[in-house]
Amino acid sequence: MRCIGCGTVHDRVGRDLRCPTCGDLVEIAYPAWKASGGRASGLIASELKALWRQRRSSRSAVDQSGVWRFREMLPALGDGHDAITLREGNTPLYEMPGCARAAGVQHLYAKHQGLNPTGSFKDTGMTVAASFARREGFRWVACASTGNTSASMAAYAARGGMRSLVLIPDGKISWSKLSQALDYGAVTCQIRTDFDGCMRVLNEVVLRMPVYLLNSVNPYRLEGQKTAAIELLEQLDWQPPDHVIVPGGNLGNSSALGKALLEMQELGLISTLPKVSIIQAEGANPLVRTVRETGGKELVGVEAETLATAIRIGHPASWKKAVRILQATGGTVEQVSEIEIAQAKAEIGADGIGCEPASAVTLAGLKKLVTQGFVKPSQSIVLVLTGHLLKDPDFTLKFHRGDLFAGSKLEKDAGVLAGQQRAPIVLEASADAVVKTLEQADKLAEKR
Ligand code: F0G
């Protein structure tokens, strides 16, 4: 483990998972790759590609996992230690024709990480970090969460025979995410604060109790999350897209995907780097402010507020790692409004895909980057969709009923969304009524 601040390499770190020398975050480094001339586990790029492809027809659980299939690029669990796996990863890469038209580009894809076992990208990191927690002999694992991390952690803890402790901001996460943590058996505490407050409390708890921290400050989480980028490149036949666009919350995921791209370049798996750009909600935009106001040198924390509750984070832990990825890949940051998020989410839904609000910032951000000329219409772009549509049904229902912004100061601007709203229609039990509705819908579609 190498400190991202002072560069010291440690065999072990304390329970807060920070550098014992300077307190900064650590990351997992693979010095053996360089020492062996760009090989991982002694294999050159073409051998790695062939091995990973071959594992797809295997019947073993670790080969079927879309994370452990790429284990040459992951830390080794060691003999006698099994991975805790739900066959995570293996998520589809979709073409997005309607969204491409909306954004004014020709080649748009979505890597849907929401199609993981618990419905979000967190599973790819959790399989690795939970496996290491069990290897270390922990009985308890814990996280602060806006909902997805907690759902994922609770599932993997249950599968691995460990107990889990969840701290979530009271009333600020979606019911479906909360219900997952409960069903998977977590001790779930709704804390009267926001995500940043939950994180503060948990950092103290881990120092006082033998619980293993599974937030994305945990470097093993990011190693697992890296594999989404490896799988993406495999799906694109190792031809990198021009742009990868990711939502930014606590900034672990963008850091992980960027780390994977840099490492794939180091191993000769790809020869060029896509630009990784990070999009935040206007009301939860600490990275955007950090980059624009300090050139990425000092974190500008904010009091976060957005309906995209998954990314309602004002003091992201991995901001330094994310700044490094922006700089290394030549990507940019952008922020999008609540109305833009709602509109983009409906457009992703209308392509037959769907996602939760936080994921939709990617399409909303892409539209801005095209307008600014940062993304050219002929370039290839991959949006990383991080969570499943069913993660936040309240948002979707309110949107279609037209009352997502009712009573808020955005109400007067929400008229632009009318064309995308499809409120449910209550009818008498008669075929006549249904046929009439069908005819009206057909006429409306023709007009559009
Ligand atoms: N999208 C979704 C659906 C998320 O749940 C999160 C983060 C993000 C994007 C942002 O990713 O934090 O790596 O920058 N959710 C965390 C949680 C914070 O607790 O579930 P990030």
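Quick check on my filter: what residues within the stretch 295-351 are closer than 16 Å to Ile278 by Cα and polar (S, T, N, Q)?
Within the stretch 295-351, Ser318, Gln327, Thr329, Thr332, Gln335, Ser337 meet the criteria.
Which residue, of Leu43, Leu74, Leu25, Leu48, is over 20 Å from the mean Cα position of the chain (by Cα), open to solvent by less than 30 Å² (accessible area, probe 1.4 Å) and over 30 Å from Lys345 (Cα atoms)? Don't jump to the end; show me each part of the working.
Details: Leu43 fails: open to solvent by less than 30 Å² (accessible area, probe 1.4 Å); Leu74 fails: over 20 Å from the mean Cα position of the chain (by Cα); Leu25 fails: over 20 Å from the mean Cα position of the chain (by Cα).
It is Leu48.
Which of the residues belonging to the stretch 236-294 are assigned to a helix (DSSP H, G or I) and away from the ligand (no atom under 16 Å from the Cβ)?
Scanning the stretch 236-294 gives Leu262, Glu263, Met264, Gln265, Glu266, Arg292, Glu293, Thr294.
Let's see how each residue does on (1) under 15 Å from Gly268 (Cβ atoms); (2) touching a His at 6+ places or on another chain (Cβ under 7 Å); (3) without any contact (Cβ under 8 Å) to a residue 24 or more places away in the chain:
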{"residue": "Gly37", "(1), (2), (3)": "yes, no, yes"}
{"residue": "Gly42", "(1), (2), (3)": "yes, no, yes"}
{"residue": "Ala50", "(1), (2), (3)": "yes, no, yes"}
{"residue": "Ser57", "(1), (2), (3)": "no, no, yes"}
{"residue": "Ala61", "(1), (2), (3)": "no, no, no"}
{"residue": "Asp82", "(1), (2), (3)": "no, no, no"}
{"residue": "Glu95", "(1), (2), (3)": "no, no, yes"}
{"residue": "Ala110", "(1), (2), (3)": "no, no, no"}
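Residues of the stretch 164-199 being hydroxyl-bearing (Ser, Thr, Tyr), assigned to a loop (DSSP other than H, G, I, E, B) and either buried (at least 21 other Cβ atoms within 10 Å of the Cβ) or touching a Ser or Thr at 6+ places or on another chain (Cβ under 9 Å) (or both), which ones?
Ser174, Tyr184
Any chance the stretch 119-130 includes a residue that's surrounded by fewer than 24 Cβ atoms within 10 Å (Cβ to Cβ) and hydrophobic (A, V, I, L, M, F, W, C)?
Within the stretch 119-130, none of the residues are surrounded by fewer than 24 Cβ atoms within 10 Å (Cβ to Cβ) and hydrophobic (A, V, I, L, M, F, W, C).
How many of the residues making up the stretch 147-173 are at pLDDT below 95 and either hydrophobic (A, V, I, L, M, F, W, C) or within 13 Å of the ligand (Cβ to nearest atom) (or both)?
Residues meeting the conditions: 2.
Name the strands (runs of 3 or more DSSP E) wholly within the stretch 69-146 that hold at least 2 residues that are at pLDDT 95 or above and within 13 Å of the ligand (Cβ to nearest atom)?
Here the list reads 107-112, 140-144.
What is the residue count in the stretch 188-218 for residues that are more than 12 Å from the ligand (Cβ to nearest atom) and hydrophobic (A, V, I, L, M, F, W, C)?
Total satisfying the criteria: 9.
Would you pick out the residues in the stretch 248-284 that are open to solvent by 10 Å² or more (accessible area, probe 1.4 Å), under 23 Å from Pro377 (Cα atoms) and in contact with a strand residue (DSSP E or B) (Cβ under 6 Å, 6 or more places away or on another chain)?
The answer is Lys275, and nothing else.
Is at least one residue of the stretch 348-355 in contact with a His (Cβ under 9 Å, 6 or more places away or on another chain), within 27 Å of Ala445 (Cα to Cα), surrounded by fewer than 23 Cβ atoms within 10 Å (Cβ to Cβ) and among the small types (Gly, Ala, Ser)?
yes
Tally up the residues in the stretch 310-333 that are part of a loop (DSSP other than H, G, I, E, B) and more than 8 Å from the ligand (Cβ to nearest atom), please.
7
Before we move on, is Gly161 free of Cβ contacts under 8 Å to residues at least 40 places away in the same chain, open to solvent by 60 Å² or more (accessible area, probe 1.4 Å) and part of a loop (DSSP other than H, G, I, E, B)? Give the derivation first.
Working: free of Cβ contacts under 8 Å to residues at least 40 places away in the same chain: yes; open to solvent by 60 Å² or more (accessible area, probe 1.4 Å): yes; part of a loop (DSSP other than H, G, I, E, B): yes.
Considered against the rule, which asks whether it is free of Cβ contacts under 8 Å to residues at least 40 places away in the same chain, open to solvent by 60 Å² or more (accessible area, probe 1.4 Å) and part of a loop (DSSP other than H, G, I, E, B), Gly161 comes out as yes.
Checking Trp238 against (1) in contact (Cβ under 8 Å) with a residue 40 or more places away in the chain; (2) on the phi < 0 side of the Ramachandran plot: exactly one of these is not met. Which one?
(2)
Under 8 Å between Cβ atoms, which residue pairs at least 6 apart in sequence (or on different chains) link something in the stretch 303-318 that is at negative phi and open to solvent by 10 Å² or more (accessible area, probe 1.4 Å) with a partner that is basic (Lys, Arg) and not in a loop (DSSP other than H, G, I, E, B)?
Once the first residue is at negative phi and open to solvent by 10 Å² or more (accessible area, probe 1.4 Å) and sits in the stretch 303-318, its partners that are basic (Lys, Arg) and not in a loop (DSSP other than H, G, I, E, B) give Ala310/Lys391.
The values are calculated or read from the model by the stated rules, or taken from the named source; none is laboratory data. Only a predicted model underlies this, so the values are computations on that prediction, with no experimental measurement involved. All Cβ positions, even for glycine, are placed from backbone atoms using ideal geometry, and neighbour counts span all protein chains on display. The accessibility values were calculated without ligands, DNA or RNA, using every heavy atom of the protein model including side chains. Shrake-Rupley method; radii C 1.70, N 1.55, O 1.52, S 1.80 Å.
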